[in-house]
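Peer 1: Sharing a structure, written as structure tokens. Questions coming.
Rule-based calculations on the coordinates, nothing more; no lab input. Remember, it's a predicted structure, so these values are computed and weren't measured experimentally. Here Cβ is always computed from backbone atoms with ideal geometry, including for glycine, and neighbour counts include all displayed protein chains.
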Protein chains: 2
Amino acid sequence: MRILFKNAKILTMENDKIFDGELFVENNVIKYVGEDALENVEADRIIDCKHNLLMPGFKNAHTHSPMTFLRSYADDMPLDEWLNKKIFPNEALLTDEQIYWNNKLAILEYLESGITANFDMYISPDVVVESSLESGFRTIQAGSLNNFTLSLDKMEECYKKYNSNELTGYRLGVHAEYTTGRELLEGVADMANRYKAPVYLHAHETKREVEECKSRYGCTPTVLLDKMGMYNYGGGGFHCVHMTQEDIDIYRERHLNVITCPCSNAKLASGIAPLKKFLGEGINVAMGTDGPASNNALDVFREMYLAAVLAKLREGEATAVKAYDVLKMATVGGAYAMGIYDCDVLAVGKKADIIMIKLDEPNMQPLNDIISNLVYSASKINVGMTMVSGKILYYEGKFHIDKEKEEIYERCKFNKYA
Amino acid sequence: MRILFKNAKILTMENDKIFDGELFVENNVIKYVGEDALENVEADRIIDCKHNLLMPGFKNAHTHSPMTFLRSYADDMPLDEWLNKKIFPNEALLTDEQIYWNNKLAILEYLESGITANFDMYISPDVVVESSLESGFRTIQAGSLNNFTLSLDKMEECYKKYNSNELTGYRLGVHAEYTTGRELLEGVADMANRYKAPVYLHAHETKREVEECKSRYGCTPTVLLDKMGMYNYGGGGFHCVHMTQEDIDIYRERHLNVITCPCSNAKLASGIAPLKKFLGEGINVAMGTDGPASNNALDVFREMYLAAVLAKLREGEATAVKAYDVLKMATVGGAYAMGIYDCDVLAVGKKADIIMIKLDEPNMQPLNDIISNLVYSASKINVGMTMVSGKILYYEGKFHIDKEKEEIYERCKFNKYA
């Protein structure tokens, strides 16, 4: 399939320039992007962009997609009660079939939000792969190893199995220090060194988590895991709200990725991550929604807005963390953190993970500064198209995946198991 | 015009219950709302809601609509530089014609965001009335009196002229203590007492504003104005971020309204308003977007989300300020603050300011808790219809006002005057 986009404004994210031009996709790859009009090119489909914007799709670099079933199920509650009375008992009863459908519901929302890839952590990795693959959606998973879920062997099996497909990937991962015993953590560190692989986990999300680790091991989670050799080949932390300078030094030196989740951190009253500091230290920052049970939307526009304005609140400076920096987190930064280096920008040879942003909506007018508009004013209503790996999965409000949205809604009805 | 809504879920906002039912509008008034199906009613139009939600429209209780021309024009800048180098020089060159069109652009965005009324403060009140009235939009204005703009006489003229129309209203208002000399403030207090009228102004937005007032007058703005008698008949403050217990006591005793603007306060690094405290004291809280130059969207969904999660961050409690409280601020609270008491809830005899929320979008599924979904997950994409005073001005993505959106965009192109 060859698709030619004409009359587009284009933001490649190689830099902050926007130009008028064309873009040509053949199968899953970008073959041309530039200001010149393509002559004599054979296309199966020509899309007139009507001066709307093409840009790389957003990367949701931390989420638990199959938790859609618990969206708005238990809000405004203390964390312990929420986890122990509402989340865990219901998750314990979840079947693979429900995980399959819940993941599809998340995919619909990703597409509507201009998200072209997610970095997922959940149970039943095989089911998640099946559900995403069938829909044509790009899902990279991180192992969710802890004392109760997954095993070193199963993680190794997934790692070997799911890194050969165009649309899927699997990274070594641990749920968190506080849910995972020392032996398991050391087992992961060993595996990371055997495969020269990066490792990802929830890290430094709450003050309590850091304090408890310090009383257990005498140091923060990042220091502990680094000493074990877990970060010898990189990786990253989801959340990274409460970090010492020593933790930040390790992130910088090991080229670890910060995956920030500003909405979840605010809603659960965890705090505000020091994004200005991370950027100043040259650390790569990606952005995630976290799961729908704690956010509750899967909406990168809202994450971008919160990342920018919470940084300003935290620093007490209206100048802290600028719009383009945030847009980079949500696109290029996400691709790097997830290890999908060919999905970062719009350039020849890169994967065709592309979205169209409707500039002809009132919230984007006038076009004083499109990048500012994207971060400070845009919302799902501005997503005109979402293309993953060269296939248009969402266009003008309609989904084009393997299942109808009505069936997905029906299958995702939740009967409050617990 | 008689419009019958069938197969609706209905949230009247008289309480937090949602039921399946019907709603009937005749001209500008709600004639029926209830669980029973209406038999033998003559309707000019029947709308099948397909189990989507009808609820009262959102009230944007603080905004400067004609500032759309400066959206995304100058972000991530220090406040002083932003105001003095970017905002004021451009506003000084603004013509009435531009104000007329800029206001229309804001109306498009209000309609798309489910906003049925705005509480505006800007220059050229006559032009704003004309622009809103022609579009069928409900605009209540507050006087923007200060040392440079408006006069006591002109404000009195507007007050007498614009309180007799169905769609418009005019409240006495001052820009802020820090922009308005003592004599003018006393003149407004006198007018408030002559007309037994409430008075509104920007109040306690920044620490600096409060500190400067204290060094000028030895007390906070609220204490100062209350001593002048300005609040004898109520009114309210826009922002209310930095408040002492004495200020809060005055708000409670004088039945003043807090109009919170969480996005603007975060983006300009002004701080987080103590919403939990206000609610605990029984103070009415309304919600506003502030102007598009400082927000930059006119989107009550984002305001609701920020109000809720910033309150949790401020208090360090995930339980602080619950979803229904926030939804009340954005609907009933706004109507009270603006003095449009017949636009607050869906009930017989109330004005037909109604929106339809699409529950059949992925971000609203499953329907575990529709109120939580509205506050924590909904966005503009969920607005299916916006009706103001019995007229459908937005329906299924199309605008039905006096001007075409393309013409409005064209007229609102901004050439960077200064």
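Peer 1: Inside 10 Å of the C-beta atoms of A:266-278, what's the mean count of C-beta atoms belonging to other chains? List each step's numbers first, then the result.
Peer 2: Working: counts 10, 8, 4, 11, 4, 2, 1, 0, 0, 0, 0, 0, 0.
Mean partner shielding for this stretch: 3.
Peer 1: Lys/Arg Cβ at +1, Asp/Glu Cβ at -1, dipole of the protein assembly as shown taken about the Cα centre: which of B:Phe24, A:Val321, A:Asn373 is farthest positive-ward?
Peer 2: It is A:Val321.
Peer 1: By average Cβ neighbour count within 10 Å, what is the ranking of B:284-292, A:169-177, A:189-197 from highest down?
Peer 2: On the way: B:284-292: 28.0, A:169-177: 23.9, A:189-197: 15.8.
Most protected by this proxy first, the peptides run B:284-292, A:169-177, A:189-197.
Peer 1: Once you average over the residues of A:311-319, how many Cβ atoms of partner chains fall within 10 Å of each Cβ?
Peer 2: On the way: counts 2, 7, 11, 3, 1, 4, 4, 14, 8.
Partner-chain Cβ atoms within 10 Å, mean over residues of A:311-319: 6.
Peer 1: Another question, if that's okay. Using the Cα centre of chain A as the reference point, and only Cβ charges (+1 on K/R, -1 on D/E), how large is the resulting charge dipole? Debye, rounded to the nearest 20. Write down the numbers at each step before the final one.
Peer 2: Details: 46 positive and 60 negative charges, 75 e Å.
The dipole of chain A has a size of about 360 debye.
Peer 1: While we're on this one: Using the 2.2 N^0.38 Å rule of thumb for compact globular proteins, work out how segment B:53-188 stacks up: its C-alpha Rg over that value, please.
Peer 2: My calculation over the Cα atoms of segment B:53-188 gives 1.08.
Peer 1: A follow-up question, please. Within 10 Å of each residue's Cβ, count the other Cβ atoms and sort A:Glu91, A:Glu166 from fewest upward. Write down the numbers at each step before the final one.
Peer 2: Numbers: A:Glu91 21, A:Glu166 11.
Ascending number of Cβ neighbours within 10 Å: A:Glu166, A:Glu91.
Peer 1: Based only on other Cβ atoms within 10 Å, what is the fewest-to-most ordering of A:Lys322, B:Lys154?
Peer 2: Values: A:Lys322 19, B:Lys154 14.
The order, fewest Cβ neighbours first, is B:Lys154, A:Lys322.
Peer 1: For chain B, how big is the tail of P(r) above 27 Å, as a whole percent of Cα pairs? Don't skip to the answer; put the middle values down first.
Peer 2: Values: 42624 of 87153 pairs.
The share of Cα pairs beyond 27 Å in chain B comes to 49 percent.
Peer 1: While we're on this one: Helix-only mean residue ellipticity at 222 nm, chain B, DSSP H runs n ≥ 4 weighted -39,500 (n - 2.57), per residue, nearest 500. What is it? Kindly include the intermediate steps, with their values, before the conclusion.
Peer 2: Working: 15 runs with 137 residues, N = 418.
Here the helix-only value at 222 nm equals -9500 deg cm²/dmol.
Peer 1: Take B:Asp342 and B:Thr95, extend 7 Å from each Cα along the Cα→Cβ direction, and tell me the distance between the two endpoints in nm.
Peer 2: The two pseudo-label positions are separated by 3.9 nm.
Peer 1: Could you size up the charge dipole of segment A:1-144 around its Cα centre, putting +1 on the beta carbon of Lys and Arg and -1 on that of Asp and Glu, and report it in debye to the nearest 20? The partial results should precede the final answer.
Peer 2: Working: 13 positive and 24 negative charges, 25 e Å.
Here segment A:1-144 has a charge dipole of around 120 debye.
Peer 1: Measuring from the lowest to the highest alpha carbon on each principal axis, how far does the protein assembly as shown reach, largest first, in angstroms?
Peer 2: Rounded to whole Å, the extents work out to 83, 59, 58 Å.
Peer 1: Placing +1 on the Cβ of each Lys and Arg and -1 on the Cβ of each Asp and Glu in segment B:175-279, which of B:Tyr200, B:Tyr251, B:Pro274 has its Cα farthest towards the positive end of the resulting dipole?
Peer 2: In segment B:175-279, that residue is B:Pro274.
Peer 1: Can you tell me which lysines have their Cα less than 22 Å from the Cα of B:Lys31? Leave out same-chain residues fewer than eight positions away.
Peer 2: Straight-distance partners of B:Lys31: B:Lys6, B:Lys9, B:Lys17, B:Lys50, B:Lys59, B:Lys350, B:Lys351, B:Lys391.
Peer 1: For chain A, take the longest principal axis of its alpha carbons; what is the angle in degrees between that and the long axis of helix A:207-217, to the nearest 10 within 0 to 90?
Peer 2: Between helix and principal axis, roughly 50 degrees.
Peer 1: Same structure again: Quick check: the angle from helix A:96-112's long axis to the longest principal axis of chain A, C-alpha only, nearest 10 degrees?
Peer 2: Once rounded, one gets 40 degrees.
Peer 1: Moving on. Just to confirm the number: angle between the C-alpha axis of helix A:182-195 and the first principal axis of chain A, 0 to 90 degrees, nearest 10?
Peer 2: It is inclined by approximately 40 degrees.
Peer 1: I've got another one for you. Which length gain, in nm to one decimal place, applies between B:His51 and B:Glu134 when the Cα-Cα distance is subtracted from 0.36 nm times their residue separation?
Peer 2: Details: separation 83, 0.36 × 83 = 29.88 nm, distance 3.24 nm.
Fully extending the segment from B:His51 to B:Glu134 adds 26.6 nm.
Peer 1: Using amide H atoms built in the peptide plane, which far-off residues or other-chain residues are under 5 Å from A:Lys391 H to H?
Peer 2: Here nothing satisfies the definition.
Peer 1: Still on this model: Report, to two decimal places, the Cα Rg of segment B:67-116 normalised by 2.2 N^0.38 Å (N = number of residues). Mind showing how you got there, number by number?
Peer 2: Values: Rg = 12.7 Å, N = 50, 2.2 N^0.38 = 9.7 Å.
Taking N as the residue count of segment B:67-116, the ratio is 1.31.
Peer 1: Gap in Å between the Cα centre of segment A:294-367 and the Cα centre of segment A:374-393?
Peer 2: 11
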